[in-house]
């Protein structure tokens, strides 16, 4: 495996001195664990559907069984996946510095790698909630009804994810914004930084004076400018090497 180019000295110096690091992750880090990105998940039985046809409140009202079954299939993909070195490196970083981990992913792989207090902007596909009042439901009566009914009120259960047309959870969004404004360094990992409002977080951090490291295999469409460092490569390669360079004695 070819070695990565040396990291920018300005970024490594800032990381060594940092008291608070914020990290935003996107689909790219989970793709390294074999989880298809949202739009790549349309194959086999699901190839004739657009993701937008299966991930909106309207689609759920129109055909709740179809939507439930698509998410059940995706949950199986997630349960079969394992965290990769990128996930594990971020969990290790959290043991070295105050780190706010913000993710657009819904797979829970950060938590399985050992990260705590993860800010989930788009929810978590492994959680189920009532479609009427949003309460999280862990058990429901076994039966043939799909989707199953909420044991408290009988409304259909749904995945605890943010669908097209729905707002991001306000508390999570506010916490992410605070981290971007107050952090000493911001890392953007495995995301094109094209989908707002999450896409604005690295640039909010840059405007607030924090150096920004962008970790992605391709830099197409990424913003450039003072204080923004483009680290071309996969999360599973870049993050472990960055961890070892800054915190060489951390177990990983």
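Where a number appears in this text, it was derived from the coordinates with a stated rule and is not lab data. Worth saying up front: this structure is predicted, and the values here are computed from it rather than measured. A quick note on method: Cβ atoms are made from the backbone with ideal geometry, for glycine too, and the neighbour counts reach across all protein chains shown.
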When N counts the residues of segment 33-133, how does its alpha-carbon radius of gyration compare numerically with 2.2 N^0.38 Å, as a ratio?
-> 1.21
Which value in Å is the Kirkwood Rh of segment 69-206 over different Cα pairs?
-> 16.6 Å
Helix 170-182 axis, angle to the chain major axis (alpha carbon atoms, nearest 10°) | 0 degrees
Distance between modelled label sites at residue 218 and residue 20, nm, 7 Å Cα→Cβ extension | 3.5 nm
State the volume of the convex hull built on the alpha-carbon positions of segment 76-140, expressed per residue in Å³ and rounded to an integer.
-> 102 Å³
Rounded to two decimals, the Rg over Rh value of the chain from Cα coordinates and the Kirkwood Rh reads 1.00
